[in-house]
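Colleague: This is the structure, below, for whatever I ask next.
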Amino acid sequence: MGMTMTQKILAAHAGLDSVCAGQLILAKLDRVLGNDITSPVAIKEFSKLGKDSVYDKDRVTMVMDHFAPNKDIKAAEQCKMCRDFCNDKEVTHFYDVGQMGIEHALLPEKGLVTAGDVVIGADSHTCTYGALGAFSTGVGSTDMACGMAVGKAWFKVPSAIKFNLTGKLNKYVSGKDVILHIIGRIGVDGALYRSMEFAGEGVAALSMSDRLCIANMAIEAGAKNGIFPVDDIALEYLKAHGAEEPKIFTADEDAEYDEVIEINLSEIKPTVAFPHLPENAKTFDEIGEVKIDQVVIGSCTNGRLEDMQIAAEIMKGKKCAENVRVIVIPATQQIYLDAMEQGLLKIFIESGAVVSTPTCGPCLGGYMGILAKGERAVATTNRNFVGRMGHPESEVYLASPAVAAASAITGKISSPEEVMA
């Protein structure tokens with residue numbers, strides 16, 4: 001029996017001719033990633049291993065993004081521990097305030113991941129890099145410590161679900177709507193420890209921002225990873241960002257999948273995930289009037305330039321609704337700069353929104369937009385669990401940048417067509 005794309009990458013990194021679902025393997029790592037929350041635990045565990053240096057100072061990466069710029073003394077101490085460790089171990093890719101961005105937007109932008117890589121990160125949304133044709137997955141901080149020490153990690157080879165994409169997205173429909181539609185269809189455990197492998201003619205109709213968003217939220221369906229084929233669009237992106245030479249793996253014709261799910265992109269509508277799970281997906285023919293208190297446009301899921309552009313298109317010349325706080329967070333310094341040069345930040349500010357330095361911030365209830373009891377937010381983030389963005393009796397509604405921007409203008413959950421009509 002043939003292998004899936006993910007299985008081929010893992011076999012190559014394990015030095016094996018083939019692998020099968022359920023097999024335990026020890027694979028070489030191309031990159032090990034941590035942030036200001038998870039890295040301190042990994043650093044403490046690393047110190048117990050008796051290693052004087054990391055396995056490769058060019059392939060360990062730490063990004064200070066969750067609570068940076070530091071929100072309090074504890075956050076400052078965490079970042080200092082990471083800073084001191086990276087200075088001591090001469091880690092090349094350490095990104096602090098001024099150079100950092102939200103990690104899963106920053107690494108592709110910096111060309112630190114290429115097709116065919118195996119990447120682990122002590123952050124669940126490390127699966128983002130599957131958009132580039134890499135096998136990437138989130139791990140615990142102890143696994144990160146071992147990865148930093150020896151450059152290898154144990155994996156159980158996942159089985160896979162194939163998503164065959166056809167058609168193309170309609171205006172104001174994006175990758176966020178696609179992945180919310182899929183999670184709504186299969187559930188938050190529908191791909192548990194399986195690979196979500198996307199294929200079909202519809203892939204070519206998705207931008208890299210769409211693919212990065214979709215792969216990012218594979219974990220919200222319980223997946224081990226999400227992965228896209230390496231086509232000309234992906235190769236052009238990798239080249240433009242100075243990534244290493246890609247190693248292209250393709251699924252065998254006779255690859256075995258647990259199931260094949262057909263997705264017609266042209267049939268997908270703007271979608272919102274209601275509290276308190278990403279699977280609670282609804283389209284606007286199912287949504288009544290839901291007033292909101294806050295809008296957040298940003299995160300590792302939807303803080304890219306394309307996301308800023310579509311939000312600005314909808315908000316241009318309009319004012320945010322009274323009593324609605326609107327927070328825009330470009331995902332990296334480069335995206336912030338590009339948005340500024342394109343006049344997008346001016347549009348946001350003139351509409352009544354605030355623009356933040358790159359940070360994960362409110363997504364995990366960190367800072368820059370914590371919700372009070374009873375408040376509701378529309379957010380382009382990836383999770384809407386109980387208390388995710390603040391008070392346990394607050395509510396988070398997940399949506400695309402287009403829906404979030406439209407909702408910012410009306411003060412209630414709204415479709416882009418309603419605002420742009």
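Colleague: Cut-off 10 angstrom, C-alpha nodes, Gaussian network model of the chain. Which of A406, A281, A76 fluctuates the most?
Modeller: Evaluated over the chain, the most mobile residue of the options is A76.
Colleague: Figure the gain on full extension for K319 and I233 (residue separation times 0.36 nm, minus the Cα-Cα span) and round it to one decimal in nm. Intermediate results must be reported in sequence, preceding the final value.
Modeller: Numbers: separation 86, 0.36 × 86 = 30.96 nm, distance 3.60 nm.
Value of the extension gain: 27.4 nm.
Colleague: As a test of the formula, what do you get for the chain when each DSSP H run with n ≥ 4 contributes -39,500 (n - 2.57) and the sum is divided by the residue count, at 222 nm and rounded to the nearest 500 deg cm²/dmol?
Modeller: -8500 deg cm²/dmol
Colleague: Given H placed on each backbone N at 1.01 Å, which residues far from T271 in sequence or on other chains put an amide H within less than 5 Å of it?
Modeller: Counting only residues 5 or more places away or on other chains, the set is S400.
Colleague: Over region 19-169, what number does the Rg to Rh ratio reach, with both radii from the alpha-carbon atoms and Rh per Kirkwood?
Modeller: Checking Rg against Rh, the ratio lands at 1.00.
Colleague: On to the next question. How large is the direction-averaged shadow of the alpha-carbon convex hull of the chain, in nm²? Walk me through the numbers on the way to the answer.
Modeller: Details: hull surface 75.4 nm².
Value for the chain: 18.9 nm².
Colleague: Eigenvalues of the Cα gyration tensor times 5, then square-rooted: what semi-axes does that give for region 251-366, in whole angstrom, largest first?
Modeller: Values: eigenvalues 186, 83, 44 Å².
Equivalent ellipsoid semi-axes, largest first: 30, 20, 15 Å.
Colleague: Shape of region 306-421 from its Cα gyration tensor (a ≥ b ≥ c, root eigenvalues): rounded if a/c is under 1.5, otherwise prolate when a/b > b/c, or oblate?
Modeller: The shape class here is oblate.
Colleague: Would you mind calculating the gained length between D338 and D58 on full extension (0.36 nm times residue separation, minus the Cα-Cα distance), in nm to one decimal?
Modeller: Stretched fully, the D338-D58 segment lengthens by 98.1 nm.
Colleague: If the limit is 32 Å between Cα atoms, which of K247/K316; K74/K318; K74/K110; K89/K239 go over it?
Modeller: In this structure, K247/K316; K74/K318 exceed 32 Å between Cα atoms.
Colleague: For the chain, what is the percent of antiparallel DSSP beta bridges, rounded to the nearest 5?
Modeller: Antiparallel: roughly 20 percent of the beta bridges in the chain.
Colleague: Follow-up. Any chance you could check the Cα centroid distance between region 65-126 and region 179-210 for me, in angstrom?
Modeller: Cα centres, region 65-126 to region 179-210: 27 Å.
Colleague: Out of all DSSP beta bridges in region 266-383, what portion is antiparallel? Express it as a percent rounded to 5.
Modeller: Given both bridge residues lie in region 266-383, the antiparallel proportion sits at roughly 25 percent.
Colleague: If you add up the charges near V178, with Lys and Arg at +1 and Asp and Glu at -1, over every other residue whose beta carbon is less than 12 angstrom from its beta carbon, what do you get?
Modeller: Charge balance in the 12 Å sphere: +2.
Colleague: How large is log10 I(q)/I(0) at q = 0.20, 0.24, 0.33 Å⁻¹ when the Debye formula is applied to the Cα atoms of region 361-411, each weighted equally and without solvent?
Modeller: Once normalised to I(0) and log-transformed, intensities are -0.61, -0.85, -1.25.
Colleague: Once the other residues with Cβ under 13 Å from the Cβ of T142 are scored (Lys, Arg +1; Asp, Glu -1), what is the net sum?
Modeller: 0
Colleague: How big is the gap, in Å, between the Cα center of region 270-323 and the Cα center of region 342-364?
Modeller: Answer, in whole Å: 14.
Colleague: A follow-up question, please. Leaving out ligands, DNA and RNA, what percent of the accessible area of the chain is carbon and sulfur, probe 1.4 Å?
Modeller: Of the solvent-accessible surface of the chain, carbon and sulfur hold 50 percent.
Colleague: Here is a follow-up. Is the C-alpha gyration tensor of region 312-351 telling us rounded, prolate or oblate? Criteria: a/c under 1.5 is rounded; beyond that, a/b larger than b/c is prolate, otherwise oblate. Walk me through the numbers on the way to the answer.
Modeller: Details: a/c = 3.12, a/b = 1.67, b/c = 1.87.
Since a/c reaches 1.5 but b/c is at least a/b, the shape of region 312-351 is classed as oblate.
Colleague: So, one more: Would you mind getting the accessible area per residue of region 13-150, heavy atoms of the protein chains only, 1.4 Å probe, in Å²?
Modeller: Dividing the accessible area of region 13-150 by its residue count gives 37 Å².
Colleague: Let me ask something additional. For an R0 of 60 angstrom, estimate the FRET efficiency from the Cβ-Cβ distance between K373 and D17 and round to the nearest 0.05.
Modeller: About 0.55, to the nearest 0.05.
Colleague: Want the number for V150 to K44: 0.36 nm per residue separation, take away the alpha-carbon distance, what's left?
Modeller: Fully extending the segment from V150 to K44 adds 36.6 nm.
Colleague: Excluding ligands, DNA and RNA, what is the solvent-accessible area per residue of region 233-335 at a probe of 1.4 Å, expressed in Å²?
Modeller: 49 Å²
Colleague: How large is ³J(HN,Hα) for each residue in region 291-301, as worked out from phi by the Karplus curve 6.51 cos²θ - 1.76 cosθ + 1.60 (θ = phi - 60°), to whole Hz, x for Gly and Pro?
Modeller: Once rounded to whole Hz, the list reads 6, 10, 10, 8, 10, 10, 10, x, 5, 5, 8.
Colleague: Residue by residue through region 105-121, what is 3J(HN,Hα) from phi via Karplus (6.51 cos²θ - 1.76 cosθ + 1.60, θ = phi - 60°)? Round to whole Hz and write x for glycine and proline.
Modeller: 9, 6, 4, x, 4, 7, x, 8, 10, 10, 4, x, 6, 10, 10, 10, x
The values are calculated or read from the model by the stated rules, or taken from the named source; none is laboratory data. Just so you know, these numbers come straight off a predicted model, no measurement behind them. Cβ sites come from the backbone with ideal geometry, for glycine too, and all protein chains shown count toward neighbours. Heads up: the accessible areas ignore ligands, DNA and RNA and are worked out on the full protein's heavy atoms, side chains in. Shrake-Rupley method; radii C 1.70, N 1.55, O 1.52, S 1.80 Å.
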